[in-house]
Each structure stands twice: as C-alpha cells, then as structure tokens.
2 protein chains.
Amino acid sequence: MGKQSPTLALVGATGAVGTVMIDIINGRESVPWGEIRLIASPRSAGKKITVRGEELTVIALSPEAFDGVDVAMFDVPDEVSAEWAPIAAERGAVAVDNSGAFRMDDDVPLVVPEVNSDKVRERPRGIIANPNCTTLSMMAALGALHREFGLTELVVASYQAASGAGQPGIDRLQAELAAVSGKDLGAKAGDVRAALEAAGLPLSDSPFAGTPLALNVVPAAGSYKGDGWFSEELKVRNESRKILGIPDLKVSATCVRVPVVTTHSLAVHATFAREVTVEAAHKVFAAQPSIVLVDDPEKGEFPSPAEVVGGDPTYVGRVRQALDFPNTLDFFVCGDNLRKGAALNTYEIAEQLAPEFS
Amino acid sequence: MGKQSPTLALVGATGAVGTVMIDIINGRESVPWGEIRLIASPRSAGKKITVRGEELTVIALSPEAFDGVDVAMFDVPDEVSAEWAPIAAERGAVAVDNSGAFRMDDDVPLVVPEVNSDKVRERPRGIIANPNCTTLSMMAALGALHREFGLTELVVASYQAASGAGQPGIDRLQAELAAVSGKDLGAKAGDVRAALEAAGLPLSDSPFAGTPLALNVVPAAGSYKGDGWFSEELKVRNESRKILGIPDLKVSATCVRVPVVTTHSLAVHATFAREVTVEAAHKVFAAQPSIVLVDDPEKGEFPSPAEVVGGDPTYVGRVRQALDFPNTLDFFVCGDNLRKGAALNTYEIAEQLAPEFS
C-alpha cells in the first residue's frame, strides 16, 4: 500500500449511485488503487462498508478528507459537487464528478471513455465531468455510429426509470405500486391519484413532477427551464453536442419518466452525413465491446429494461432504416442508468487516470 | 320506433371496446337510432345488457342478424371483420369497422370525423374503416395543424397502454403488477421474468411479445412485419398518410408498450411546410373542440395518461418549437385508446351516417 498505488476517494458512498459504485469496485478483477476512501455526509459517517474484502469506515466530508487523495469520484447532488469538487482539486485530487454542476463548463471535459477518452488530460480546473444518465445511455452507440457515418441530426424520446431520481425515486415508485396493486384502476381520470392520496402518498411529496408514476408515464423529467423545455431534454442536446464534438448537431428530445425501477431506454431517430444501412450499423455495434446487439425481432429478440438491468453494456436493438428519411436509422437502446449511466462511466474515467499517479 | 329512425347494430358488444361503446351510447344526450341491436359470438349470446334504460339481449352473429340494420359497427378481431363486414354490407348495412382488415383498401375510406368527414360518402363496398388506436390518438391534433401549416415530416415514439391489446392485455398487466408488487425487483436482469414465472404467469402466455410489461417497457407492438418493423409502426405511417391525404408524408414511428392500463401517449416531432410558432399552434388547438390543451409546464400542467383516461378529447401539451429544426414542433399527446382511439371515433362515424337513413 505504498504511494506507488494511487488513492481513490468515493464521495457519496452511501447513496443510490454510490452503492452501485461499490458493487462495481467489488466486481472488478483487479483495481489499481492502494487506498480506497469512503466519504459521505456527517450523518452517514462511521458506517462500515466492505470493499474488496476489507471493512472500511465511512468518513465525513471535510477538506482534510481529501488529503493524499489522487482521484475523487463525486456521486452527490449538484450543490454539494459545486462546493466540494473544487476543494478536492485544490488539495491535489482530480475530481471526477457525476453531478450536473460542471458539465457545460468550457474548462471541464465531459467524458465517455469509448467516445472521447483523449479529453481526460484537458482538465485545467482538476475537474472532469460525467454526463447525465439519459445522454450517457445512448452515447456509446451514437459515438460508434458517428465515427463511421457522421451524425447530423438526432430526434429522441426517452423512457426513463425512477432511479434516475435517486433512492427517493425508487422508494416512491415502489410505494405507489403497492398502493395501486390489486385495485381495478386506470379507467378513469384521477383514480390513480385518488388511490395514492388515500394510501398516504400525496403527490406533493413525489419527485415526479407532482404526477403519479404507477400506471402512468410522466412527460416531465428534471426541472422546468422555460420555452417549453425541461432540463433533461436540454442536457440531451447540450451534452451530446459536447461529448461527440459536434457543436451544431441538431437535437430534439422528449424526456418521459416511466414506471420502471432502473434502466433508461431511448427511441432514437438518427440522421447521418453518409449512407447508412442496417447491416453496416450492425457491424459497427458488433465491433464495440461495450455494446450488446439484441436484434432479431422475428424471434422476439430486442432489448427491454427488465431484461438488461444490472449489466454494464449498452443494449441496442430494433435497428431499422427509416423508410422516408435518407441516411437515417431508427433504433432502441437500453442502458442501466445507475451503472454505465452513472457509476460505471465515472469509475472508468477514474481507472483511466490511475496510471498518472502510479 | 318506425323506420324513420335507423337501426344500429354493435358487433362485438361484450368485448373491451364494445363495453366502452355501450358506455358512450348510454352517455349521449340523445341518439338518432330507433333500434339498437347487440351482436356477439354465440358464446355471449343471451347475455343481457342495459342500453339507454332498456334491457337488450345479445344475439349471435349470423347473416340474418343484419336484416334491417342500417349501420353496423364492428369491434371484433381482424379475421372476424374480414368475413362479416362484407356480409353486413350485402344485407344493406353500412359497416363501420374498427379492425385492421380494410383500413388500407383503396375502396374503403379511413375516417376521423374532425379530419376527413367528407370521405364517409365514398364507400363503394359499403364499408368504412376506423383507424388504429395509436394513429387515431394523435390525428385530431395533427389534422388541425396540417390544415394550417402543411405537415411534411413526422417522427413519433409511442407510449401505448395494455388495453390496446384488448381485455387480455388489461388482465395480463394487472396480474403481472400483482405478482411483482411488494417485491424488491428491478435491479437485476430477468428478476421480473422470474417473479412472473414463479407466480404462474409464464411469458409464453403474454400478449406483449413474450416480454414482461410490469416494471418494464416493450419496444414491440403488434406483429413483426420484416425489415425491422412491427405492424403498429407501419400502421402509424400508412394510416396517417391516408387520413391526412398526404401520400408522400415522411413518417418514422417507434411503438412501445408501457405499463399503463388505458390511454396511449405519443411524443411527436412534426415538421411543416410553413412557419409555425408555439403561440400559433396553441391557437389552432384551442379552436378544435375535440382537443384539450394542458400546457403550462411551469405550473406542472401537462397531459399524462392517468389524469386524462376516460375522457373523449385528445389532450395536448408540452408544445415547443424544436431548437434546431426549422418549422418544427415537438409536443406530447394523450388519448384514451378505447374511446377516441376506438369506440368513440367509430360511433362518431355512425352518428354522421344516421341522417342518410332517417
């Protein structure tokens, strides 16, 4: 455990993404870290968590917590990252941040290792950002297609899981499903709402825009940003442009929450500068180690969240040539929003940084 | 009850759509019909159903059942309509058919009263078709916009309810939700599938492409038609072109089943020949009696299935100008697939025919 092996810190170790992060670290065949340090709010300090066979004690977030840390991964709300990632950087760590606080800053790279790993070295503030989970769920697939065919336009509709809103989102969906289960609901406006309120689940407490998620879909994800757009939809546009390096990429997104616990899905309509066929796209996807192609609809083979959740890859299927749009593919993509969509991508960036500190 | 008042028949009176049809007839302030005749399979014959205060006995489907009928509405599977609508027409009735059997026939009009009511008179075979519920859910909105701005391109992703697969679809979703409720599922691939199989709900029995619908979304609606496309997606394209009278309309659709009991939703990305603004679109929607505009996202006002189900109108919201596509709107539309999406539109066509027989 000498200083040849770098020190990794995980800030937000006890949250929904932090928990998945520890699963990922525990599942790795080997890790490049000497010390792994778990950091959380003072409320969670003292908690014991086993990481790679060693029982670690969670320590409270403080400036000193970053002393000696080489890479600090942040899985915390925007405002916590905004305050603490610069403190970690000042103390000499590279902060890899999974919040929205720094993603669109010009001096912070926004990295998906399969797409733009070269950007990790351009980090004048000592901060690297991890994309939003919705964008990230389709980035490996779009990055691979872009390299081959030149992406020009993107129309996407999302089917986003409750865990995109963290543990409160998961808890809320499960409580709602229990409240509606066994009842003959869904034929009259407001009957789901009434059942939830009767079960002590007022919609004012919901993280889903004050709208039932059980037996429903909610066309409002993130916060309202004006001109009709919600934050998730603008993130899909702005982050896709930055990650892919296409500042004038045309993007329209509609982001919709669905009653799925974990795994985001997207219906993608993508137009390219060059001719594209299903066969050529299949070849591109097959050559990308982080993509699993599940695409034999005649045999009932296509990706769906319940069948792919918990895995690291992006699952792609339903690939077809748009009948009326030249150089355009329609396809369906599923990715675990807590893994590749959050913890895994953050950890892959951290792994890529490790050799710098060895 | 003289022959001045026409006779209406309802074929498939005991099915999911037939049941909603009777609700609609019972809810009308007045009806133009003298006799209303309920027809179903021999298995359901003899059943008593109260229609407008009168107890009617369901009679078995037979050629004679259509004697004296002026308008016969069919809410039955494709193969039953294919056989029996022509028999009803031969016996002198106008068949208004809600199946897919005749929709794309050149000599059968495909009618949405708000969009192309003039077509009801062009019925050389005595058959008028009612569109597929997915297409129909957005037709009032698109028809109104098309008249004003000239629709040229359409990219849609659907969020389709279980009842689009009829009563077996509703029963399946409710059984699945009961089987997963209260269990901590959704974090591992296949755990929903395993829970359903353990609960005696093998996926081979599901009407949803052999895939769980509880805690999931299923990107496969209808039957597989080759080249990557499912029937629902091709219906959206072909029926939209026919109803709107735009044979070269560019359309790409992705149809996805979601765990909602009733009400289809669509994320629509629509491009027009002429300039369009949110304000102008709002005006068009507000002027259409069958559309309810729910569009103040800052106040949490947008349509969602659980909040609009059971109503006749099409609900439209989240209207916004695409940021990067000229003359293009993105919006979200919800419509009760059993009402406007099926029974209501069929009944509106029948109502329009009634004066011919008075």
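The values are calculated or read from the model by the stated rules, or taken from the named source; none is laboratory data. Keep in mind the model is a prediction, meaning the values are calculated, not measured. Cβ coordinates were reconstructed from backbone atoms using ideal geometry, including for glycine residues, and neighbour counts include every protein chain displayed. Calculation scope for accessible area: heavy atoms of the full protein, side chains included, ligands and nucleic acids excluded. Shrake-Rupley method; radii C 1.70, N 1.55, O 1.52, S 1.80 Å.
Counting only residues that are assigned to a loop (DSSP other than H, G, I, E, B) and either open to solvent by 10 Å² or more (accessible area, probe 1.4 Å) or of a type outside the set (A, V, I, L, M) (or both), how many does segment A:82-125 have?
Final tally of qualifying residues: 17.
Can you name every residue in segment A:186-201 that is facing chain B (nearest Cβ under 7 Å) and outside any helix (DSSP H, G or I)?
Answer for segment A:186-201, where residues must be facing chain B (nearest Cβ under 7 Å) and outside any helix (DSSP H, G or I): A:G186, A:A187, A:K188, A:A189, A:G190.
When both residues are 6+ apart or on different chains and their Cβ atoms are under 8 Å apart, which pairs have a first residue that lies in segment B:19-37 and is closer than 19 Å to B:D67 by Cα, and a second that is among the acidic types (D, E)?
What qualifies is B:P32/B:E351.
For segment B:323-345, give me each residue that is open to solvent by 10 Å² or more (accessible area, probe 1.4 Å), more than 19 Å from the chain's Cα centre (by Cα) and not acidic (D, E).
B:L323, B:F325, B:P326, B:N327
Could you tell me which numbered condition A:P42 fails, if it satisfies all but one of (1) in contact with a strand residue (DSSP E or B) (Cβ under 7 Å, 6 or more places away or on another chain); (2) farther than 25 Å from A:V309 by Cβ; (3) surrounded by 13 or more Cβ atoms within 10 Å (Cβ to Cβ); (4) of a type outside the set (F, W, Y)?
Among (1) in contact with a strand residue (DSSP E or B) (Cβ under 7 Å, 6 or more places away or on another chain); (2) farther than 25 Å from A:V309 by Cβ; (3) surrounded by 13 or more Cβ atoms within 10 Å (Cβ to Cβ); (4) of a type outside the set (F, W, Y), A:P42 violates only (3).
For the subset of segment B:172-185 comprising residues that are charged (D, E, K, R) and buried (at least 19 other Cβ atoms within 10 Å of the Cβ), which member is farthest from the other protein chains (Cβ to nearest Cβ)? If you could, list the steps in order and put the result at the bottom.
Kept after step one, since they are charged (D, E, K, R), are these residues of segment B:172-185: B:172, B:176, B:183-184.
Filter once more, keeping what is buried (at least 19 other Cβ atoms within 10 Å of the Cβ): B:172, B:176.
On the way: B:R172: 13, B:E176: 10 Å.
Residue satisfying both the conditions and the ranking: B:R172.
Check off (1) closer than 30 Å to B:L177 by Cα; (2) more than 7 Å from chain B (Cβ to nearest Cβ) for A:L215 and give me the number that stays unchecked.
The number of the failed condition is (2).
So which residues in segment B:309-321 are open to solvent by 10 Å² or more (accessible area, probe 1.4 Å), within 8 Å of another protein chain (Cβ to nearest Cβ) and on the phi < 0 side of the Ramachandran plot?
Passing the criteria: B:G311, B:Q321.
With respect to the numbered conditions (1) within 26 Å of the chain's Cα centre (by Cα); (2) within 11 Å of chain A (Cβ to nearest Cβ), which one is the sole condition not fulfilled by B:G169?
Failed condition: (2).
Taking strands (runs of 3 or more DSSP E) that do not extend beyond segment B:221-296, which have at least 1 residues that are basic (K, R) and in the same structural domain as B:G317 (by the TED database)? Working first, answer last.
Values: elements: B:250-254, B:264-272, B:291-293.
The qualifying strands (runs of 3 or more DSSP E) are B:250-254.
Check off (1) in contact with a helix residue (DSSP H, G or I) (Cβ under 8 Å, 6 or more places away or on another chain); (2) under 25 Å from B:G341 (Cβ atoms); (3) buried (at least 21 other Cβ atoms within 10 Å of the Cβ) for A:L136 and give me the number that stays unchecked.
Unmet for A:L136, out of (1) in contact with a helix residue (DSSP H, G or I) (Cβ under 8 Å, 6 or more places away or on another chain); (2) under 25 Å from B:G341 (Cβ atoms); (3) buried (at least 21 other Cβ atoms within 10 Å of the Cβ): (2).
Is segment A:16-38 home to any residue that is closer than 23 Å to A:A162 by Cβ and part of a strand (DSSP E or B)?
We begin by selecting, within segment A:16-38, every residue closer than 23 Å to A:A162 by Cβ; these are A:16-24.
Okay, now just the ones that are also part of a strand (DSSP E or B), so none.
No, there is no match, as no residue in segment A:16-38 is closer than 23 Å to A:A162 by Cβ and part of a strand (DSSP E or B).
Just a yes or no: is a residue in segment B:247-269 open to solvent by 20 Å² or more (accessible area, probe 1.4 Å), in contact (Cβ under 8 Å) with a residue 12 or more places away in the chain and at positive phi?
no
What residue, among those in segment A:198-224 that are surrounded by fewer than 16 Cβ atoms within 10 Å (Cβ to Cβ) and among the polar types (S, T, N, Q), is farthest from B:A157 (Cα to Cα)?
This residue is A:S204.
Quick one: which of B:L196, B:L145, B:L154 is of a type outside the set (K, R) and in contact with a Phe, Trp or Tyr (Cβ under 9 Å, 6 or more places away or on another chain)? Full working, then the answer.
Details: B:L196 fails: in contact with a Phe, Trp or Tyr (Cβ under 9 Å, 6 or more places away or on another chain); B:L154 fails: in contact with a Phe, Trp or Tyr (Cβ under 9 Å, 6 or more places away or on another chain).
None of the other options fit; the residue is B:L145.
Hey, can you tell me all the residues within segment A:295-308 that are more than 7 Å from every other protein chain (Cβ to nearest Cβ) and either crowded, with 21+ Cβ neighbours inside 10 Å or aromatic (F, W, Y) (or both)?
Filtering segment A:295-308 down to residues more than 7 Å from every other protein chain (Cβ to nearest Cβ) leaves A:295-296, A:299, A:301, A:303.
Those that are more than 7 Å from every other protein chain (Cβ to nearest Cβ) and either crowded, with 21+ Cβ neighbours inside 10 Å or aromatic (F, W, Y) (or both): A:D295, A:P303.
To keep it simple, each residue is scored yes or no on (1) more than 9 Å from chain B (Cβ to nearest Cβ); (2) under 15 Å from the mean Cα position of the chain (by Cα); (3) over 16 Å from A:A161 (Cβ atoms).
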| residue | (1), (2), (3) |
| --- | --- |
| A:S206 | yes, no, no |
| A:G228 | no, no, yes |
| A:E239 | yes, yes, yes |
| A:I246 | yes, no, yes |
| A:V258 | no, no, no |
| A:S265 | no, yes, no |
| A:H269 | no, no, yes |
| A:H282 | yes, no, yes |
| A:P289 | yes, no, yes |
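For segment B:308-354, enumerate the residues that are without any contact (Cβ under 8 Å) to a residue 24 or more places away in the chain and either assigned to a helix (DSSP H, G or I) or among the basic types (K, R) (or both).
Correct list: B:R318 only.
Let me spell it out: the conditions are (1) open to solvent by 60 Å² or more (accessible area, probe 1.4 Å); (2) out of contact with any strand residue (DSSP E or B) (no Cβ under 9 Å at 6 or more places or on another chain), and A:V17 meets all of them except one. Which number is the exception?
Answer for A:V17: the failing condition is (1).
Count, please, the residues in segment A:45-59 that happen to be within 25 Å of the chain's Cα centre (by Cα) and open to solvent by less than 40 Å² (accessible area, probe 1.4 Å).
Total meeting the criteria: 3.
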